[in-house]
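The values are calculated or read from the model by the stated rules, or taken from the named source; none is laboratory data. Keep in mind that what you see is a predicted model, and the values were worked out from it rather than measured. Virtual Cβ from ideal backbone geometry, glycine too; neighbours counted across all protein chains shown.
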Amino acid sequence: MNSRVYSTYKTKYRIANWASYDRALVGRGDVTLWMSPEAIAAPYDRDHFVRVDASIALSLIRLPAHASMTVSFDLYILKSWDGDSPTFGPDRWNVGLAGSPALLDTTFSNNFKTDTDRSVQSYPSPASAPQTGAAAVNTLGYGFWFGDATYHFTFTFSHTMESAIVTFSSSLYEGKAEQARSTRDESWGLDNVGVTVR
Ligand SMILES: [Ca+2]
Ligand SMILES: [Ca+2]
């Protein structure tokens, strides 16, 4: 799904059609956007804020003159992600700006059966243990199925164009047809998405 943030005037932004993130936009300073959705709140909510193989885009337009952009967010890796497992993966996740190299393109794992499933993750470096680098684990109510991991990310990079499209996407593989398109096995969510230009 696509979303768009409109700059109505210098210090005020309006957001439209950013599914699930449309109610809590607060502008801070001239050019900062903060979305603070309820996102995935514990306890587990089966019907909201979970995505499988979804690609979502945040479109920013009419940005003020700037030299750099900072994109920050919390990523929730939910349930049985298998990282680099050759049997049940790979389970990849990506964030980037359209038309540019990815800011992050990696695998995540909540599957500690690394001996049998070889389910290490490539974040933050190749062959890392499941949930390496997570700021929190098992705080979102997914303990019934491999658990959950929360990662904080902030990326700052050179950017001068007056518009940008930030994309968040996954590529998950489970090898079980009946589960390949459901949120049962593996899903993800975002919270505290922020974009700042300076
Ligand atoms: Ca799995
Ligand atoms: Ca998998």
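Tabulated data
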item: Criterion violated by PHE144 - all others in (1) in a strand (DSSP E or B); (2) loosely packed, with under 13 Cβ neighbours inside 10 Å; (3) within 16 Å of ligand 1 (Cβ to nearest atom) satisfied; result: (1)
item: Options THR70, THR87; residue that is more than 28 Å from SER158 (Cα to Cα) and of a type in the set (Val, Ile, Thr); result: THR87
item: Hey, ASP82 of a type in the set (Asp, Glu) and more than 14 Å from ligand 1 (Cβ to nearest atom) or not; result: no
item: Residues being within 16 Å of ligand 2 (Cβ to nearest atom) and either at pLDDT 85 or above or of a type outside the set (Lys, Arg) (or both) - total across segment 152-198; result: 17
item: Residue satisfying all of: in segment 105-136; among the hydrophobic types (A, V, I, L, M, F, W, C) and surrounded by fewer than 16 Cβ atoms within 10 Å (Cβ to Cβ); nearest to ligand 1 (Cβ to nearest atom) among these; result: PHE112
item: Flag for TYR76 being within 16 Å of ligand 1 (Cβ to nearest atom) and either under 16 Å from the mean Cα position of the chain (by Cα) or over 17 Å from ASN192 (Cα atoms) (or both); result: yes
